[in-house]
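Okay, structure first, notes after.
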Amino acid sequence: MEFPINASPKILFPYLATASGLSQWFCDDVRYVEGQRLNFIWDHENHYAEISGQRLNKAVRFVFLDEHRQSVLDANSLEFTLDSSQVTDEVYLRVVDYSSAHDAAEQHEMWEGLVAKLRDQVGG
């Protein structure tokens, strides 16, 4: 899914790649655990993920771990990518959500709501 956002990648990226930024719009809380690992908290439940790739002001990818904080085959993952249009000077947030928890319509509605919260945070 792609969403236009009226904010520069430099302003937007910390909201996508840091615990403090993600906790403002994405879930109830996010905490650094160790190294490149984060604990995403939704409804008082812990969901551990590892940052598996990151390009400053461009993209970040999280791969979710099992309940023992171990990697699993075919794990759920989430990727945020920022693209800028050279023609219109607009910034687009591309969300790639590799999870099996939702049907497509429900997933799209969820992301619409989350990105609306993000826009409120960044003023875009």
On C-alpha positions alone, give me the angle between the axis of helix 104-122 and the longest principal axis of the chain, in degrees, nearest 10.
60
Using Cα-Cα distances under 8 Å and only pairs 6 or more residues apart, what relative contact order does the chain have, in percent?
27
For the peptides 28-37, 4-13, what is the packing order when you average, over each peptide's residues, the other Cβ atoms within 10 Å and list the highest mean first?
4-13, 28-37
Two decimals is fine: what's Rg over Rh for the chain, C-alpha atoms, Kirkwood radius as Rh?
0.95
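Here, each number is a calculation from the coordinates, and none is a lab measurement. Computed from a prediction, not measured in an experiment: that's the story for all the values here. Quick reminder, even Gly has a Cβ in these numbers, built from the backbone with ideal geometry, and neighbours come from all protein chains shown.
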